[in-house]
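Here is the structure we will look at.
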There are 2 protein chains.
Amino acid sequence: MQRIAVDMDGVLSDTVEQFIAWEYRENGIKRTIDELMGKPELEVFPNSKKYLHTKDFFRTTSVIKDSQEILERLNKKYQVFIVSAATEFPQSLTEKQAWLNEYFPFITWQQMVFCGSKEIIQADIMIDDHFKNLNGFNGELSILFTQPHNAHADNGRHRRVHSWEEIGVLLL
Amino acid sequence: MQRIAVDMDGVLSDTVEQFIAWEYRENGIKRTIDELMGKPELEVFPNSKKYLHTKDFFRTTSVIKDSQEILERLNKKYQVFIVSAATEFPQSLTEKQAWLNEYFPFITWQQMVFCGSKEIIQADIMIDDHFKNLNGFNGELSILFTQPHNAHADNGRHRRVHSWEEIGVLLL
């Protein structure tokens, strides 16, 4: 059975929507998706680092469309691990686990990895929205999940998908 | 640079001493190390599962002798990751990170992995006190750190060490 390592932020959880909402609440500026295209989140949301260290940021993000249904089906066909860079934000650890338990109850504690660098991850397939994670991956298929920050970048090494529906077509 | 995956409980942190202390406090029975030899901790400490789910159990364990000094030296020669099975006990996540920050300040958040199954870990060397973690490891050297629960077991597949001093001799 092939092993898939699935990222959380920007792949399962809609951090962009959360950034937009928190920035609007903080200073009344409402960013549109168009304004975010091709720009690092740190640049567009000057307070983003602060949010990432704030209680409830991760716990209250919404779920990316179709991810629950498709991941549940992948979980029957593959050995699925959720691999999230979380140790930079210590308060996120228990929030991320509680969030997974709520929205992805079919994912057991054995299948969760909260880490810093993803270099140490061994899998056949990795799904992530960050080049820094995919570039160091040495499995057979690396899938770049489109998010505004990576929309204009391409190093030719990863398979880009724009939705979970597309992941389903590719892997199921 | 070779990568080492180092376990926490029973390798860096003295969980056995902690079990003995908590059991004594709970019911007045003081186990000796001799009584623990070759027995699963769940058998010797009937309340151990409860302790593992209790606040402060992981945060207040003491550090295993020589681990700080030897690991700091290993950290200069190898790519060190601390890999701890933690997601079974969600409250342990932030406690384990705080504990590492206190006693192993040279370990950065990038080098920490809190997971369930360790199957997904890719390294050259793994140091652990549990066969279940070492048996699934496919790196070149798996090191079994002696603890009472594994004292009488041997499947011939791992290099047994009894102390961090011995790890230093082996790897430095």
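The C-alpha atoms of chain A define a longest principal axis, and helix A:67-77 lies at about 20 degrees to it. What FRET efficiency, computed as 1/(1 + (r/R0)^6) with R0 = 35 Å and r the Cβ-Cβ distance, is obtained for B:K55 and A:E26, rounded to the nearest 0.05? The pair B:K55/A:E26 has a calculated efficiency of 0.60.
Indicate the gyration tensor shape class of the range B:32-172 (rounded, prolate or oblate), computed on the Cα atoms with a ≥ b ≥ c the square roots of the eigenvalues: a/c under 1.5 is rounded; otherwise a/b larger than b/c is prolate and the rest oblate.
rounded
Shielding by partners for peptide B:131-144, expressed as the average number of C-beta atoms from other protein chains within 10 Å of each residue's C-beta, is 0. Cross-link pairs exceeding 28 Å between alpha carbons, from the set A:K65/A:K96; A:K65/B:K118; A:K50/B:K118; A:K65/A:K132: A:K65/B:K118; A:K50/B:K118. A label point on B:E102, set 7 Å along the Cα-to-Cβ line, lies at 3.0 nm from each of its counterparts in the other copies, closest listed first.
Summarising the label geometry, the points placed 7 Å from Cα in the beta-carbon direction at B:K77 and A:M37 lie 5.4 nm from one another.
How would the protein assembly as shown be classified by its alpha-carbon gyration tensor: rounded, prolate or oblate, with rounded meaning a/c under 1.5 and the a/b versus b/c comparison settling the rest? Prolate shape, in that a/c is at least 1.5 and a/b is the bigger ratio. Remark: mean inter-chain Cβ contacts per residue of A:97-104 equal 1, using a 10 Å Cβ-Cβ cutoff to other protein chain atoms. The Cα center of the range A:143-172 and the Cα center of the range A:3-22 differ in position by 14 Å. Beta bridges per DSSP, both residues in the protein assembly as shown: antiparallel share near 15 percent. Cβ crowding within 10 Å, taken as a proxy for footprinting-reagent exposure, orders B:E88, A:E69 from fewest neighbours to most as A:E69, B:E88.
Rounded, prolate or oblate: which fits the range A:68-135, taking a ≥ b ≥ c as square roots of the Cα gyration tensor eigenvalues, rounded meaning a/c under 1.5, else prolate when a/b beats b/c?
oblate
Across peptide B:27-39, the average count of Cβ atoms from other chains found within 10 Å of a residue's Cβ is 0. Each copy carries A:G136; placing its label point 7 Å along the C-beta direction from Cα gives inter-copy distances of 2.2 nm, listed from smallest up.
At a 10 Å Cβ-Cβ cut-off, how would you order B:L42, A:L93, fewest neighbours first?
Values: B:L42 12, A:L93 26.
Listing B:L42, A:L93 from fewest to most nearby Cβ atoms yields B:L42, A:L93.
Taken together, the values in this text are just the output of simple stated rules run on the coordinates, not laboratory data. All of these numbers come straight from a predicted model, not from anything done at the bench. All Cβ positions, glycine included, derive from the backbone under ideal geometry; neighbour counts span all protein chains shown.
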